[in-house]
Amino acid sequence: GGGWYRSDVQVTLSANDATSGVAGTQYRIDGGSWQNYGGAFTVSGDGSHTVEYRSTDVAGNTESTRSQTVQIDTTPPATAHTLSGTLGNGGWYRSNVQVTLNASDNASGMSNTQCRVDGGSWQNYGGAFTVSSEGNHTVEYRSTDVAGNQESVRSCTFNVDTVAPDTTHSL
């Protein structure tokens with residue numbers, strides 16, 4: 001997705017010369033040392049890489065260096081949650097709970113984050129949201145980066161009880 005590869009990339013070069021023929025081709029990755037090309041080579045590692053290449057013909061003419069950008073992202077994004085509200089005893093919230101999700105990706109960048117509450121339908125996350133109903137709750141979430149890597153579903157659970165007990169008496 002978005003011009004990004006989700007795995008190592010095999011690069012194949014092909015040179016032609018109509019007159020004296022091709023004597024050889026060289027390449028280098030990310031400004032490293034020039035290598036003689038003998039067949040497909042692998043570009044690996046998350047991030048943006050520059051592959052430079054050039055060929056020389058039998059007469060000694062060397063073409064201008066050409067380049068190709070190869071973008072690789074093999075790692076899914078990571079999403080963290082933050083819960084805010086009035087925490088009471090025993091891990092129960094005594095108020096509505098605001099859920100904030102924060103996703104990050106170190107290579108291609110973020111595409112989207114989705115979440116669902118208590119097994120409901122998946123929704124696109126557009127910002128902090130509030131859970132206000134009484135009881136036990138589970139919020140599930142996942143993010144996808146521009147390259148199409150999707151993190152495994154993550155979740156958080158919490159309990160809400162905003163209603164004080166009701167005591168009666170009898171005589």
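The values are calculated or read from the model by the stated rules, or taken from the named source; none is laboratory data. Please read these numbers as outputs of a predicted model, since none were measured by experiment. Positions of Cβ are backbone-derived with ideal geometry, glycine not excepted, and every protein chain shown enters the neighbour counts. Areas reflect the complete protein model, heavy atoms only, side chains present, ligands, DNA and RNA absent. Shrake-Rupley method; radii C 1.70, N 1.55, O 1.52, S 1.80 Å.
When only residues in segment 96-106 that are in contact (Cβ under 8 Å) with a residue 40 or more places away in the chain and either open to solvent by 70 Å² or more (accessible area, probe 1.4 Å) or over 22 Å from residue 126 (Cα atoms) (or both) count, which is nearest to the chain's Cα centre (by Cα)?
Among them, the one singled out is 106.
So that you can scan it fast, the table gives a plain yes or no per residue for (1) assigned to a strand (DSSP E or B); (2) touching a Pro at 6+ places or on another chain (Cβ under 9 Å); (3) surrounded by 13 or more Cβ atoms within 10 Å (Cβ to Cβ):
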| position | (1), (2), (3) |
| --- | --- |
| 68 | yes, no, yes |
| 113 | yes, yes, yes |
| 116 | yes, no, yes |
| 148 | no, no, yes |
| 157 | yes, no, no |
| 170 | no, no, no |
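Can residue 81 be described as open to solvent by 60 Å² or more (accessible area, probe 1.4 Å) and outside any loop (DSSP other than H, G, I, E, B)?
Yes: the conditions hold for residue 81.
Among the numbered criteria (1) open to solvent by less than 50 Å² (accessible area, probe 1.4 Å); (2) in a strand (DSSP E or B), which one does residue 127 miss?
In the conditions (1) open to solvent by less than 50 Å² (accessible area, probe 1.4 Å); (2) in a strand (DSSP E or B), residue 127 misses (2) alone.
Does at least one position in segment 21-39 carry a residue that is of a type in the set (S, T, N, Q), open to solvent by 60 Å² or more (accessible area, probe 1.4 Å) and in contact (Cβ under 8 Å) with a residue 24 or more places away in the chain?
Going through segment 21-39, the residues of a type in the set (S, T, N, Q) turn out to be 25-26, 33, 35-36.
Pick out the ones that are also open to solvent by 60 Å² or more (accessible area, probe 1.4 Å) and you get 33, 35-36.
Now drop any that are not in contact (Cβ under 8 Å) with a residue 24 or more places away in the chain, which leaves none.
No, segment 21-39 contains no residue that is of a type in the set (S, T, N, Q), open to solvent by 60 Å² or more (accessible area, probe 1.4 Å) and in contact (Cβ under 8 Å) with a residue 24 or more places away in the chain.
Here is a list: 59, 15. Which entry is part of a loop (DSSP other than H, G, I, E, B), touching a residue at least 12 places away in the same chain (Cβ under 8 Å) and open to solvent by less than 50 Å² (accessible area, probe 1.4 Å)?
Residue meeting the stated conditions: 15.
Can you pull out every residue in segment 159-168 that is part of a loop (DSSP other than H, G, I, E, B) and in contact with a strand residue (DSSP E or B) (Cβ under 6 Å, 6 or more places away or on another chain)?
161
So which pairs qualify, if the first residue must be in segment 113-134 and under 29 Å from residue 163 (Cβ atoms), the second must be of a type in the set (Phe, Trp, Tyr) and surrounded by fewer than 13 Cβ atoms within 10 Å (Cβ to Cβ), the Cβ gap must be under 9 Å, and the two must be at least 6 apart or on different chains?
Once the first residue is under 29 Å from residue 163 (Cβ atoms) and sits in segment 113-134, its partners that are of a type in the set (Phe, Trp, Tyr) and surrounded by fewer than 13 Cβ atoms within 10 Å (Cβ to Cβ) give 115/122; 116/122.
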